[in-house]
Amino acid sequence: MTVAINTEIKPFTAQAFRQGEFVEVTEADLKGKWSVVFFYPADFTFVCPTELGDVADHYSELQQMGVEVFSVSTDTHFTHKAWHDSSDTIGKIQYYMVGDQTGTITNNFDVMREGEGLADRATFIIDPEGIIQAVEVTAEGIGRNAADLVRKIKAAQYVAAHPGEVCPAKWQEGEATLAPSLDLVGKI
């Protein structure tokens, strides 16, 4: 994987389905706010709708945190609309469903399955400057958890707003953070 933490997202232009409309999306739409780019292999499959529905259930909370969500697969925006219109789970999605049939975005984020034309199951948390702050990639059969995604975004936002502090394992909003220093070495 050549895309790394603290690297800037690459340029792209794509069509998306969102709230009953087809809209153009570019890398500029991911800047100026926190963003999640949520790659999944394909529409009309099995694990994917459970994940997308889970993110849809947390979308209001993410919006309140100033986060926009962009789900991406190599399907077309037309296929996204058809799936949205035919599935109760997918029908509740209000975030962007980006069509990447050319593979540009999937390749930009280096999550294209070689020889398959499908995206890996991958999540990227991107800060308002367009810099990748977190990456998660799972195997085909392992679904992701939107509640943990929300927790990771809160931690990333906290660290960005509080230079010199870090969030320890399993950190939850409101819990103690750490201020790395020589005094902490060997005491944790």
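Add -39500 (n - 2.57) for each DSSP H run of 4 or more in the chain, then divide by its residues: what number comes out at 222 nm, to the nearest 500 deg cm²/dmol?
On the way: 5 runs with 53 residues, N = 188.
That calculation yields -8500 deg cm²/dmol at 222 nm.
How many percent of DSSP beta bridges within region 62-163 run antiparallel, rounded to 5?
65
Where the only charges are on Cβ atoms (+1 Lys, Arg; -1 Asp, Glu), what is the dipole of region 1-118 about its Cα centre, to the nearest 20 debye?
180
Roll a 1.4 Å probe over the protein chains and send me the accessible area per residue for the chain in Å².
50
Kindly express, to the nearest 10 degrees and within the range 0 to 90, the angle between helix 47-64's C-alpha long axis and the longest C-alpha principal axis of the chain.
60
For Phe38, Phe46, give the ranking by accessible area with the largest first, probe 1.4 Å.
Greatest to least solvent exposure: Phe46, Phe38.
Please give the peptides 135-143, 23-31 ranked by average Cβ packing (other Cβ atoms within 10 Å per residue), highest first, as a rough proxy for protection.
Working: 135-143: 12.8, 23-31: 15.9.
Order by mean packing, descending: 23-31, 135-143.
How many lysine pairs does the chain hold where the Cα atoms are under 19 Å apart and the two sit 8 or more places apart or on different chains?
10
In the chain, what % of DSSP beta bridges are antiparallel (nearest 5)?
Antiparallel: roughly 70 percent of the beta bridges in the chain.
Which order do the peptides 108-121, 74-87 come out in when sorted by mean C-beta neighbours inside 10 angstrom, highest first?
Result, highest mean first: 74-87, 108-121.
Please list Val185, Val67 in order of solvent-accessible area, largest first, computed with a 1.4 Å probe with all protein chains present.
Val185, Val67
Lys and Arg at +1, Asp and Glu at -1: add these up for the other residues within a Cβ distance under 15 Å of Pro163 and post the number.
My count for the surroundings of Pro163 gives -3.
The values are calculated or read from the model by the stated rules, or taken from the named source; none is laboratory data. The structure displayed is predicted, hence computed values, not measured ones. Ideal geometry is used to build each Cβ from the backbone, glycine not excepted, and the neighbour counts take in all protein chains shown. Side chains are part of the model used for accessible areas, which takes the heavy atoms of the whole protein and leaves out ligands, DNA and RNA. Shrake-Rupley method; radii C 1.70, N 1.55, O 1.52, S 1.80 Å.
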